[in-house]
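Read the structure below first, then the notes.
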Number of protein chains: 4
Amino acid sequence: MHKYERTANVAIVGARGYTGQELARLLLAHPAARLTACFSTDATYRLSDLLPEASAASVPVYSLKDAIPSGGLDAIFLATPAEVSMELAPKLLEAGMSVIDLSGAFRLEAAQYPKWYGFEHKSASALAAARYGLVPWTKPSETKTPVLISNPGCYATAALTAILPLLAHGLIEPETLVIDAKSGTSGAGKKAAENLLFSEVDGDCLPYKVAAHQHLPEIIRHAKAFAGAEIDPAFSTHLLPVKRGITAAVYARVKKGVTASKVAGAFAEAYENYALVRHGAPAPALLSLRKVVGSARAHVAHHLDGDKLYVYSAIDNLLKGAASQAVENLNALLGLPVTTGLLDKEGTL
Amino acid sequence: MHKYERTANVAIVGARGYTGQELARLLLAHPAARLTACFSTDATYRLSDLLPEASAASVPVYSLKDAIPSGGLDAIFLATPAEVSMELAPKLLEAGMSVIDLSGAFRLEAAQYPKWYGFEHKSASALAAARYGLVPWTKPSETKTPVLISNPGCYATAALTAILPLLAHGLIEPETLVIDAKSGTSGAGKKAAENLLFSEVDGDCLPYKVAAHQHLPEIIRHAKAFAGAEIDPAFSTHLLPVKRGITAAVYARVKKGVTASKVAGAFAEAYENYALVRHGAPAPALLSLRKVVGSARAHVAHHLDGDKLYVYSAIDNLLKGAASQAVENLNALLGLPVTTGLLDKEGTL
Amino acid sequence: MHKYERTANVAIVGARGYTGQELARLLLAHPAARLTACFSTDATYRLSDLLPEASAASVPVYSLKDAIPSGGLDAIFLATPAEVSMELAPKLLEAGMSVIDLSGAFRLEAAQYPKWYGFEHKSASALAAARYGLVPWTKPSETKTPVLISNPGCYATAALTAILPLLAHGLIEPETLVIDAKSGTSGAGKKAAENLLFSEVDGDCLPYKVAAHQHLPEIIRHAKAFAGAEIDPAFSTHLLPVKRGITAAVYARVKKGVTASKVAGAFAEAYENYALVRHGAPAPALLSLRKVVGSARAHVAHHLDGDKLYVYSAIDNLLKGAASQAVENLNALLGLPVTTGLLDKEGTL
Amino acid sequence: MHKYERTANVAIVGARGYTGQELARLLLAHPAARLTACFSTDATYRLSDLLPEASAASVPVYSLKDAIPSGGLDAIFLATPAEVSMELAPKLLEAGMSVIDLSGAFRLEAAQYPKWYGFEHKSASALAAARYGLVPWTKPSETKTPVLISNPGCYATAALTAILPLLAHGLIEPETLVIDAKSGTSGAGKKAAENLLFSEVDGDCLPYKVAAHQHLPEIIRHAKAFAGAEIDPAFSTHLLPVKRGITAAVYARVKKGVTASKVAGAFAEAYENYALVRHGAPAPALLSLRKVVGSARAHVAHHLDGDKLYVYSAIDNLLKGAASQAVENLNALLGLPVTTGLLDKEGTL
């Protein structure tokens, strides 16, 4: 077993939700991090009620009302609603901790928040300093800690993983880009809502937030940042009668002269040094949600038919779309290989 | 209750499959048709084993090996594999019966069959004479009976219902057209296949037949026929963990100057005299599969965001996508309103 | 079509829930009843938003706060929580309307309510006068209207339909009786609750309310009332990842000398004049939930293995377990055959 | 990490099925076993097509037709149909390998096979020598290798884990025992069959093999062997619309004087030294399938209501009900703690 120089002390705010649970699970098994505490808006649960791992029993859960952590942690994960993260992150940064925020609070420009998130952004300087942590696209940085890392949205991760190689090489006509995404219900979290009841979701596949999903401006903004491309894709989101997983179909017309091997080459180049993306021609093993659920990987399949390019991207929305990518960001922060503690996360039946 | 001048005698070949069962159910309740018999390649079942309706008990099931019907029927429905339909239809026409074929045997041009269906078409003259029965787009005809009606494919019905009004009015840039369709498992029929097992389908949403689904050339061919439009859309099909229903998302860029009200007007004009299409702005009642499952209707919702047009089309794959549209075609053949016996087919929870 | 002497005017309080919707649907299609209005605690919906039937558009929805109906109705259905029904029913009876209550408010003895329902019963005289409407077991009565009919619980209907014939003929050892019941999620209604989320229910089959379900004393009380039997069964309820349907497995040891034909005879005698129970030996057509979902029937299958008796009972929890049995009770009230308007309710795929 | 003295070489016959895959996955990660090969009746697959683990790529798959292993292995697992196991096991034993058979070929007495398995048992001496490997009930043995271990059936494991503590202490009236079990579809394996199609299973909960399931005599036989108890329980099996997991409800009347604490004590004593059974009062964390799916544990919850005892037992049918229990048997064979390589198998959402 690899020997790590030191163990980082970390904590989670909001471990009761689906994402928080997965994050806690990953951190409990992480070889170079120690989950020292969880914080909750209501501290009425024990981590051992949520997770079967024996080690869960020794992690205390504190109420946020009583105690805001004031240091002593290398990093703290926020698995909280965007407005809560917006308030908390600057305070935690000031107290000297790096923050990895899993909400949407630091993904857009301040002016976009009223339209897409329904609130005014009140932490402008934290927002300006935040780094968008899309792995492996985000470049390592020399920034001194503490830093604020904005963990990408689940749909945005699935979409950007599929389109950035194409945009970076200028292979497609941007104005033909369409992203049709489908997500399992855990992406909507654990809050009780009529439209998420089993009786409502089962047997359906409901398109929702038509042309209004907050991950659309996130995709557009970071396509520009990472690939210099101006895009304005059509973007649909559907609610699948499935617990976990996102699958996104991406359509575009390629530019004149672009061949199948150029497309394959763009993916190969983008991900040759990154173990958590598998790509290739469409086949059930690459297209199936089941093959990525439980895994920290993204699967990308592509097919060129004339000038019509089909790309399918699949991730576990709670892992690569949230918790495991957050751990990748922690790893980068600690100077470890990004895949530390994640390579053995594999899908099951 | 309306009094019909006469009752048509009809039969079904292949009533044991999901589509055949739904067709039998509709015909048992039809006010102007009498289901006189079913024919099967293995006559080892009774219709009353499949359907709870008391009237099912009095419909005999004959083996096709023993007895090919030689007349006495006004129309016969073929719910058989394409190659079986290709062989049977000409014989039945010759025997004087009109044929409504629910397979793909008569939807394309002969030359397309090897590529898309994997067989050579051996009934060229029947194919040439077949009429594609997309309701309400197919015009009434003066053709003397017997006629061969090719009932449209389920994906093709969902797609054409959504795009024909747009194409007929020239509202969209055809080269930007994308159709992303998702279907329940009953569309694949009742045959035992590993990839259709519950253990394989549940929790997944598998894209399949990428750029290779036989309904793609069907959509292209009949878009030309009905709207004079040359299209070459990207087209994806996904297998939902759902029993019934198809939902298709259609994306296109509108032509310069096209407004939301022009789009709405195109749908209104296309379907103003047709009770089985509901259309409007996206809302769960129009977007939800549950609202069309069990119904003979199609629901179409559309939204224009800048020049990006989103159209969602939902049908019950076994009804509007197969059996109830076949009954519409029977009604047209009998000179009845196409919705006869179908308006009261309504979705449920 | 049968000509009914007169049409009864009826109304529903609480049509927005799953049961209320099904009830509205049945009443809209009923040949001898007219749904004149719905009442709601929040009148913010239209019936046509919930039901696709064209006739739904003409049924007004009133707020209960503004207007308590004061007569003019032959019967009113309460699809409301038990405490609301307890308050409303006496007022409506006083105003001269018969009441068919679908809640548990009038199924037990007053003294049982604190333990099983968590509230004191405040409408003792209405409770004493209420008639438990288990069809076909409830005998016709000469009571002058208005009457208060307590519509049985869904689990109680499934269980009593299976055990009453056995108890009435003294075929089983009562102290060996076990009832293991499984229900779809619609039985829990439409209220948002974390434990009913798709993410929680899918992939599970959770036993709940162990030895504490309020339908247990209902079963015990009415087994005594209808069959004179003192029973104290073990009773489990499970939440299935299914929207609709209840299946209950009933186990008991038969008394010495009881044969399979005696068991079959007891069922035949109990249900020979009642079209809405099908019974026989175990076979998928009788055991499958799918075959009763959408239907007003109960299916009962039985098998004797030595002295071990297995009985399986399946119903649609929203129909025979609620709405269609309520319509049976209306029919009885109006002097019509109990199956009026229900025989054509048949299951589908 | 613990240092094991030596690494055992093992192989699997039949790794393509659901159970075989899980077994391969466990063995690839086992700290003291090396999966050296897989054998198949059709060697047309690669293990890396089935499993995402990188180590899968280096495990060869041989056709059984070409090569029957002739030694060099410490143990071989048979994940094959019962008739295949019956033929293979004696040959492999003769060749010097210990055999862990996951089929039903060695669980009953020879005379029982025609009735419950539909074939004559042709390997009588192997059957007589086979040891039933129910962990932790099977006592360690001094038998020299090679040995034939019969891995228990999934339903039998769930049931015996729940009832053996009660029977061993004589707490219940055996003639009142009822076992109502529900299983996910993976228990039926991966073979294409119409009744296992998604379209057939979804929305249902079908009782099957009423009084005829082959795990009933297995439960009876081994209740006698482990607890000296003569039982003849009613036993039902249901097919859940769920991929993985078995939940069994066990009902019995306790003997006079038996208290809740005696029941709790029986479970505590039986499992005090065994980490893979969790037991306690009914609570969602112990009752939920989701909490054991993916885990090697069994969960048992019990509640005494008067003299009525309710016990609920939940396992992952592919793990504790098959593959992980087989690894426990391997561990016992190797003189390792039975939980080696299994304690970290934990359930997930």
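The values are calculated or read from the model by the stated rules, or taken from the named source; none is laboratory data. Remember, it's a predicted structure, so these values are computed and weren't measured experimentally. Note: ideal-geometry Cβ built from the backbone for every residue, glycine included; neighbour counts use all protein chains shown. Just so you know, the surface numbers come from the protein's heavy atoms only, side chains and all, with ligands and any DNA or RNA stripped out. Shrake-Rupley method; radii C 1.70, N 1.55, O 1.52, S 1.80 Å.
For D:E22, the conditions (1) in contact (Cβ under 8 Å) with a residue 60 or more places away in the chain; (2) open to solvent by 20 Å² or more (accessible area, probe 1.4 Å); (3) of a type in the set (D, E, K, R) all hold with the exception of (2).
Hey, any hits in segment A:317-340 for a residue that's open to solvent by 30 Å² or more (accessible area, probe 1.4 Å), within 14 Å of chain B (Cβ to nearest Cβ), out of contact with any strand residue (DSSP E or B) (no Cβ under 8 Å at 6 or more places or on another chain) and not aromatic (F, W, Y)? Checking segment A:317-340: not a single residue is open to solvent by 30 Å² or more (accessible area, probe 1.4 Å), within 14 Å of chain B (Cβ to nearest Cβ), out of contact with any strand residue (DSSP E or B) (no Cβ under 8 Å at 6 or more places or on another chain) and not aromatic (F, W, Y).
Being of a type in the set (G, A, S) and in contact (Cβ under 8 Å) with a residue 24 or more places away in the chain narrows it down to one of D:G118, D:G170, so name that one.
On the way: D:G118 fails: in contact (Cβ under 8 Å) with a residue 24 or more places away in the chain.
Every option except D:G170 fails the conditions.
With respect to the conditions (1) closer than 20 Å to B:S186 by Cβ; (2) out of contact with any strand residue (DSSP E or B) (no Cβ under 7 Å at 6 or more places or on another chain); (3) modelled with pLDDT of 85 or more, B:L78 lacks only one, and its number is (2).
Of all residues in segment B:61-73, those that are out of contact with any Lys or Arg (no Cβ under 9 Å at 6 or more places or on another chain) and either within 14 Å of chain C (Cβ to nearest Cβ) or under 25 Å from B:H30 (Cα atoms) (or both) total 8. Where strands (runs of 3 or more DSSP E) fall entirely within segment A:205-274, those with at least 1 residues that are more than 8 Å from chain B (Cβ to nearest Cβ), in contact with a His (Cβ under 9 Å, 6 or more places away or on another chain) and in contact (Cβ under 8 Å) with a residue 40 or more places away in the chain are at A:234-239, A:246-253.
B:L28: in contact with a strand residue (DSSP E or B) (Cβ under 8 Å, 6 or more places away or on another chain) and either within 14 Å of another protein chain (Cβ to nearest Cβ) or over 18 Å from B:P146 (Cβ atoms) (or both), yes or no?
Values: in contact with a strand residue (DSSP E or B) (Cβ under 8 Å, 6 or more places away or on another chain): yes; either within 14 Å of another protein chain (Cβ to nearest Cβ) or over 18 Å from B:P146 (Cβ atoms) (or both): yes.
So B:L28 passes the test.
Considering (1) more than 22 Å from A:N151 (Cα to Cα); (2) surrounded by fewer than 19 Cβ atoms within 10 Å (Cβ to Cβ); (3) modelled with pLDDT of 95 or more, the lone condition that A:A229 does not fulfil carries the number (1).
The set of residues in segment D:243-297 being surrounded by fewer than 18 Cβ atoms within 10 Å (Cβ to Cβ), over 24 Å from the mean Cα position of the chain (by Cα) and not small (G, A, S) consists of D:K255, D:K256, D:T259, D:K262.
Residues checked against (1) out of contact with any Gly (no Cβ under 6 Å at 6 or more places or on another chain); (2) modelled with pLDDT of 95 or more; (3) over 17 Å from C:H238 (Cβ atoms):
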residue: D:G245; (1), (2), (3): no, yes, no
residue: D:K262; (1), (2), (3): yes, yes, yes
residue: D:L276; (1), (2), (3): yes, yes, yes
residue: D:S295; (1), (2), (3): no, no, yes
residue: D:V300; (1), (2), (3): yes, yes, no
residue: D:L309; (1), (2), (3): yes, yes, yes
residue: D:S313; (1), (2), (3): yes, yes, no
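Looking across segment A:28-54, the residues that are open to solvent by 20 Å² or more (accessible area, probe 1.4 Å) and either in contact (Cβ under 8 Å) with a residue 40 or more places away in the chain or part of a helix (DSSP H, G or I) (or both) come down to A:L28, A:A29, A:P31, A:T41, A:S48, A:D49, A:L50, A:A54. Restricting attention to segment A:275-309, the residues being closer than 13 Å to A:K320 by Cβ, within 14 Å of chain B (Cβ to nearest Cβ) and part of a loop (DSSP other than H, G, I, E, B) number 4. When segment D:243-292 is filtered for residues that are touching a Ser or Thr at 6+ places or on another chain (Cβ under 6 Å) and under 30 Å from D:D202 (Cβ atoms), the ones remaining, listed by number, are D:K243, D:R244, D:I246, D:A248, D:A249, D:L289. Selection within segment D:183-194: residues that are at pLDDT 95 or above and more than 7 Å from every other protein chain (Cβ to nearest Cβ). The member of this set that is surrounded by the fewest Cβ atoms within 10 Å (Cβ to Cβ) is D:S183.
Being in contact with a helix residue (DSSP H, G or I) (Cβ under 6 Å, 6 or more places away or on another chain) and within 18 Å of A:H279 (Cβ to Cβ) is a condition met by no residue of segment A:326-333.
Could you check, for segment B:160-170, whether at least one of its residues is assigned to a loop (DSSP other than H, G, I, E, B) and of a type outside the set (S, T, N, Q)? The answer is yes, given that some residue of segment B:160-170 is assigned to a loop (DSSP other than H, G, I, E, B) and of a type outside the set (S, T, N, Q).
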